[in-house]
Amino acid sequence: MSLRKKRPLLTPDIAVTSVGSEIVYSGESTVSDVVWTARLDYKWNRDIVVEETLKFPKLEPQPDKSQEEHKVSFFVEREDAVEIMKELPGILEERGVDVKLVYSNGYAFDVLPRGAGKQGALTYLLDKLDIEGNQPSNTLVCGDSGNDSELFNISQVYGVMVSNSHEELLQWHEENAKDNPKIFHASERCGAGIIEAIQRFNLGPSVSPRDVLDSEIFQAESLNLAHEVVQFYLFYERWRCGEVEKSDKYLQNLKSLSSPLGIFVHPSGVEKPIHEWIDDMEHLHGDGKEKKLRIWLDNVSSSHISSDTWLAKFDKHELSEGKVRSCSTKVLLSYKEEKQRLTWMHIHQSWLDESFSDDQEKWVF
């Protein structure tokens, strides 16, 4: 969550966290998978784990923020970890606790219930989605450390190890999967390595919409509301960063896509016609270039509220000069058959997470 306040990260529909010991679903609120949690309770007692691990002085407990109900975490040197991993499972088994030990990155030591782990969590999810009729067409697993290696054991998935992977994962690949055509060692780091794998395995688009937006043809020609709002804000970002020419034709095009009677309610509460806010964009052209302005939308959803009217809802985040400001946004759009396009009728924003703008005039849309 702390990283989300600094970088443009999107909320996943499902998140497997805490080394595969927790599964949560996103929506109006975050909900844990209680069935998975119940499975992990079998032959697990956190108090006993804490009690017995205290007897190993080489184990240094990680901060409280890294501890979970089904994950007890420590720092320890590799040589000491090897010896502890030989002794600890038997000690805990004698007390009725069945555990899985995960060591990674040369310092992180996690004690989990036997059924936990990234492989177990993903296998459980794939089975659950299959039963529900929502089996994904493709699954790509990505990793950079030793505790990711078990993900690549799932037969029905593709896998990528990014170029900045730790030696322990590369060694595992050399010993176990170097001839597996579904596991790929990328030449790119981090997210770029994932994009490289998507392209290699032909799993879907391998470029960002930010990289392919054609400002010359920016217009609404379909009822894909998510595409509509994302396309608009990508153009707005490019305008602010001076990546499109300062031309009145773009502003007039935006006006043609919005109602002359449409109102934009600024997060501060100020209300003005949408067309007046579009006019205000003229003096903001290029002002975000040096500030490294980036805009992204999260939790985009839409609903059909009448025969020709739709409501789009999303969170808009704006990164400028290293600071993120966020607002909740609702957009009312109308579709007229004779025009064959969507028209922006009303925009309403309110600040999120104690956000505010130091310069209200530079927060537009």
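Counting only protein chains, not ligands or nucleic acids, how are 248, 33, 64 ordered by accessible area (probe 1.4 Å), most first?
64, 248, 33
State the answer as a single residue: which of 156, 205, 97 lies farthest towards the positive end of the charge dipole of the chain, with beta carbon charges of +1 for Lys and Arg and -1 for Asp and Glu, about the Cα centre.
205
Return the Rg/Rh value of the stretch 247-351, two decimal places, where both radii are evaluated on C-alpha atoms and Rh is the Kirkwood radius.
0.98
Tell me, what ³J(HN,Hα) does each residue in the stretch 267-276 have, in order and in whole Hz, if you take phi through Karplus 6.51 cos²θ - 1.76 cosθ + 1.60 with θ = phi - 60° and put x for Gly and Pro?
So the Karplus estimates, Gly and Pro as x, are x, 6, x, 5, 10, 8, x, 3, 5, 5 Hz.
Sorting 296, 363 by accessible area (1.4 Å probe), largest first, what list results?
296, 363
Would you tell me the accessible area of residue 281, worked out with a 1.4 angstrom probe on the heavy atoms of the protein chains, in Å² to the nearest 10?
So the heavy atoms of residue 281 present about 0 Å² to solvent.
Tell me the per residue accessible area of the stretch 133-205 using a 1.4 Å probe; a whole number in Å² is fine.
Details: 4000 Å² over 73 residues.
Here the residues of the stretch 133-205 average 55 Å² of exposed surface.
How many Å² of accessible area per residue for the stretch 81-126, probe 1.4 Å?
Averaged over the residues of the stretch 81-126, the accessible area is 40 Å².
Counting only protein heavy atoms and using a 1.4 Å probe, what share of the accessible area of the stretch 76-192 belongs to carbon plus sulfur, as a whole percent?
Looking at the stretch 76-192 in its full context, I get 44 percent from C and S.
Just to be sure I understand: with springs between alpha-carbon atoms less than 10 Å apart, which residue in 331, 160, 82 has the highest mean-square fluctuation in the Gaussian network model of the chain?
Of 331, 160, 82, the most mobile in the Gaussian network model is 82.
Compactness ratio of the stretch 12-64: Cα Rg over 2.2 N^0.38 Å, N = residue count?
With N residues counted in the stretch 12-64, Rg over 2.2 N^0.38 Å equals 1.47.
For the stretch 266-336 and the stretch 94-113, compute the distance between their C-alpha centroids and round to whole Å.
First find each Cα centre; the distance between them is then 46 Å.
Residue by residue through the stretch 301-313, which ³J(HN,Hα) values in whole Hz follow from phi under the Karplus form 6.51 cos²θ - 1.76 cosθ + 1.60 (θ = phi - 60°), with glycine and proline marked x?
Along the stretch 301-313, the couplings run 9, 8, 9, 8, 9, 7, 4, 10, 10, 10, 10, 9, 10 Hz.
Please report the Cα spread of the stretch 67-106 along all three principal axes, rounded to whole Å, starting with the longest.
Over the stretch 67-106, Cα extents along the principal axes are 29, 23, 11 Å.
Using protein chains only and a probe of 1.4 angstrom, how many square angstrom of residue 194 are accessible, to the nearest 10?
Probe radius 1.4 Å; accessible area of residue 194 about 60 Å².
Restricting attention to the stretch 127-205, which GluC sites (Glu not before Pro) occupy a DSSP loop and are surrounded by at most 12 other Cβ atoms within 10 Å?
Those that pass, being in a loop and sparsely packed, are 132.
Sequence gap at least 6, Cα distance under 8 Å: using those rules, report the relative contact order of the chain to the nearest whole percent.
11 percent
The values are calculated or read from the model by the stated rules, or taken from the named source; none is laboratory data. The shown structure was predicted, so the numbers you read here are calculated from the model rather than taken from an experiment. Note: ideal-geometry Cβ built from the backbone for every residue, glycine included; neighbour counts use all protein chains shown. Heads up: the accessible areas ignore ligands, DNA and RNA and are worked out on the full protein's heavy atoms, side chains in. Shrake-Rupley method; radii C 1.70, N 1.55, O 1.52, S 1.80 Å.
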